[in-house]
Every structure is written in structure tokens, then in C-alpha cells.
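Down below is the structure, laid out as C-alpha cells.
The values are calculated or read from the model by the stated rules, or taken from the named source; none is laboratory data. This is a predicted model, so every value here is computed, not measured. A quick note on method: Cβ atoms are made from the backbone with ideal geometry, for glycine too, and the neighbour counts reach across all protein chains shown. Side chains included, ligands, DNA and RNA excluded: accessible areas come from the protein's heavy atoms. Shrake-Rupley method; radii C 1.70, N 1.55, O 1.52, S 1.80 Å.
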Amino acid sequence: MDLKNFLDYMNSGKEVVAGSEHHLFMTHLSQDAIRLTTELNSNYHTNSEIVKIMSEITGRQVDSSFSLFPPFYTDCGKNLKIGKNVFLNSGCKFQDQGGITIDDGALIGHNVVLATLNHNIDPEKRGNLIPKPIYIGKNVWIGANSTVCPGVTIGDGAVIAAGAVVTKNVPANSVFGGVPAKLIKYILEDNT
């Protein structure tokens, strides 16, 4: 098993059977993510050092415009794609095995959880994992203590109110809040 095969499998949305080769590789990746996030979170780093560490965590070059206030947590990192001018506030927790894409200009608040895995509902197969990607569009703002669930797309320009639990897709230029999150209003593009 190599990283490409693992990511191809995870991005296919197929169930990951507990104890399988894919599951064991996932465990291996999590150990690397723990090592790198511990390094990130345990000392002061300049922004350029943070960009370097995040590039190691994701396995791809993170743009120099990226900004993060530690601590940051992920249990994989290798299926996380971050655009330009993205800001992550402190305490974010990303479960990215199923794939997380954060597009340009997104602002992610304190303690936001992005979760891309569900467990099988059958008690006999509860250890199995079902990956579904999260996509966060351009210039999205996710408020503090929000949770975005597997398979959710948040459209460009949308706002997620603090404390929301987002279980379904969010249209562009809208405000969603609550548990589960619901439409509060649309953002007017022309405020004149």
C-alpha cells in the first residue's frame, strides 16, 4: 500500500473494513500526523515555519498566504487541500481521510471540527469507516465551535454561525446556523 493507492481508495467513497490493509495504512498515517502536529503545537513558530510544517502534514505545498493560530489537530493530513489566503483559528480538528478541500479566502473559526468519516451503522461492522469528502468554497466563514459532517459542500461566500452542526449542503452566499444547521438568510450581493 502506498499513499496514492490509499487516497484513491478513500476518495472513491468505498467502505474501509476494520483491520484491512487500508485501515492499517490509515493508522500509519495518523502516527505521522500526530508527530507533525505535536511539533507544530508544542513550540512557537513563525508563519513561514507554520507553512512548512503544514506542507509536510498535507504532503503538498501550502501557499505562503496561509495562516494558522495553533494548536491544530488532524489524524491524517494527507487528504487535506488548502487554497490561498486561508486562515485557521486555534483548536481546529480535521478528520480528513475522506478528503477536505478548503478553497481560497476561507476563514475557519476556533475549535471547528471537519469530519469526513462515519462508522457503519450495523453493530457487527461498527469498526468499518465510510469516507465522504467535505468541500469549503471560496471566502466561506465558519464560526467558532461549528462541526461540518461528512459529505457536506459549503458554497462560495457562505457563513456558518458559531456552534452550528452542518449536516447538509449549504448554498453559496447564505447564512446557516443551529443544530442541525438551517438557512437563516441569504447574503445580499448588492447592499446599495
Failed item, numbered, when Gly127 is tested on (1) free of Cβ contacts under 8 Å to residues at least 40 places away in the same chain; (2) assigned to a loop (DSSP other than H, G, I, E, B); (3) not aliphatic (A, V, I, L, M): (1)
Residue list for the stretch 111-132, restricted to those being within 14 Å of the chain's Cα centre (by Cα) and open to solvent by 80 Å² or more (accessible area, probe 1.4 Å): Lys132
Hits in the stretch 138-151 - residues which are surrounded by 22 or more Cβ atoms within 10 Å (Cβ to Cβ) and either more than 12 Å from the chain's Cα centre (by Cα) or farther than 15 Å from Phe87 by Cα (or both): Val140, Ser146, Val148
Complete set of residues in the stretch 75-91 that are modelled with pLDDT of 95 or more, open to solvent by 10 Å² or more (accessible area, probe 1.4 Å) and touching a strand residue (DSSP E or B) at 6+ places or on another chain (Cβ under 7 Å): Lys81, Ile82, Gly83, Phe87, Asn89
All positions within the stretch 154-174 that are in a strand (DSSP E or B) and crowded, with 18+ Cβ neighbours inside 10 Å: Ile154, Val159, Ile160, Val166, Val170
Criterion (polar (S, T, N, Q) and assigned to a strand (DSSP E or B)) met by exactly one of Asn145, Asn139, Asn111, Asn118: Asn118
Residues satisfying the stated conditions in the stretch 92-110, i.e. surrounded by fewer than 17 Cβ atoms within 10 Å (Cβ to Cβ), within 17 Å of Thr37 (Cβ to Cβ) and touching a residue at least 24 places away in the same chain (Cβ under 8 Å): His110
